[in-house]
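Remarks on the structure that follows.
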Amino acid sequence: MKREIIITSDGSTTIHLPEWNEQYHSKHGAIQEAYHVFIKSGLKHVNKEEIAILEIGFGTGLNCFITAIESNKKIDYVGVEAYPVAVEEIKKLNYVEELKEANYEPLFSKIHETTWEEKHEIKETFSLLKRKQFFKDISDVEMYDLIYFDAFGARVQPDLWTEDIFSIMYKSLKNKGVLVTYSAKGSVRRAMQAVGFFVERLPGPPGKREMLRATKNNN
């Protein structure tokens, strides 16, 4: 499938798949979307000093990179990706420049240079494990405080937004754990609710009216 590096509305890059008319991040702003959906509505919402994060769709590593920059808490980060992005494409992304964080270039490089299937210390308070895995094969149980659900949209990959997948997500979260996603589709919200999540509609990032935040409650 053809892949192109494009500039989104906030000046940051993403990868575009013309055949699907789909991007790895919002065309209205890759960095803006990451901050709004995953940092503001997810990371900042979890009131713990140590946070275990599962990212569904590691992709370009943008969400991981921003989390490492923004968090002063201890983070244990697991990124799951069935089809890792090529190194040649990573080198064409402009996140370091657009974030005006030149001193974090080594951090961004380390995130992508570390080997898969092994846990690495990215910085003193941040560990990263990248797993090459299909989402349906995740078998973690009550391991995470927060899930960044950043899969390709339901329009092109509906099988990633089903009750079966959200049941796996629910099981992998600790009690009171939170899942955030850019999607606000009614079918997605209903699938989350069907497996036991309490689901909130929140204001969306630029270009989207709403997003979803789901909370696990075993009590």
task: Take the residues in region 110-144 that are polar (S, T, N, Q) and under 21 Å from residue 57 (Cβ atoms), then tell me which one is most open to solvent (accessible area, probe 1.4 Å).
output: 139
task: Tell me which residues, restricted to region 160-205, are over 14 Å from residue 138 (Cβ atoms) and among the charged types (D, E, K, R).
output: 163, 174, 176, 185, 189, 190, 200, 201
field: Every residue from region 136-150 that is over 24 Å from residue 31 (Cβ atoms), among the acidic types (Asp, Glu) and out of contact with any Leu (no Cβ under 8 Å at 6 or more places or on another chain)
entry: 137
- prompt: In region 175-184, how many residues are under 20 Å from residue 63 (Cβ atoms) and open to solvent by 40 Å² or more (accessible area, probe 1.4 Å)?
  reply: 0
field: Leading residue by the ranking (farthest from residue 23 (Cα to Cα)) among those in region 83-98 that are open to solvent by 30 Å² or more (accessible area, probe 1.4 Å) and aliphatic (A, V, I, L, M)
entry: 87
task: Specify the residue that is surrounded by the most Cβ atoms within 10 Å (Cβ to Cβ); the eligible residues are those in region 59-69 that are of a type outside the set (A, V, I, L, M, F, W, C) and touching a Leu at 6+ places or on another chain (Cβ under 7 Å).
output: 60
task: Filter region 14-26 for residues that are over 17 Å from residue 99 (Cα atoms) and of a type outside the set (Phe, Trp, Tyr) and give the result.
output: 15, 16, 17, 18, 19, 21, 22, 23
message: Please go through region 185-218 and give me each residue that is farther than 20 Å from residue 47 by Cα, in contact (Cβ under 8 Å) with a residue 24 or more places away in the chain and buried (at least 16 other Cβ atoms within 10 Å of the Cβ), ordered by number.
response: 185, 188, 191, 192, 195, 204, 205, 208, 211
query: What do you reckon, is residue 79 of a type outside the set (A, V, I, L, M, F, W, C), open to solvent by less than 10 Å² (accessible area, probe 1.4 Å) and either more than 17 Å from residue 112 (Cβ to Cβ) or touching a His at 6+ places or on another chain (Cβ under 8 Å) (or both)?
result: no
statement: Pairing a residue in region 57-71 that is among the charged types (D, E, K, R) with any residue that is modelled with pLDDT of 95 or more, where Cβ atoms lie under 6 Å and the two sit 6 or more apart in sequence or on different chains, gives 70/39
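The values are calculated or read from the model by the stated rules, or taken from the named source; none is laboratory data. These numbers come from a predicted model, not from an experiment. Neighbour counts are summed over all protein chains in view; Cβ atoms, including those assigned to glycine, are modelled from backbone coordinates with ideal geometry. Please note that ligands, DNA and RNA were not included when accessible areas were found on the heavy atoms of the full protein model with its side chains. Shrake-Rupley method; radii C 1.70, N 1.55, O 1.52, S 1.80 Å.
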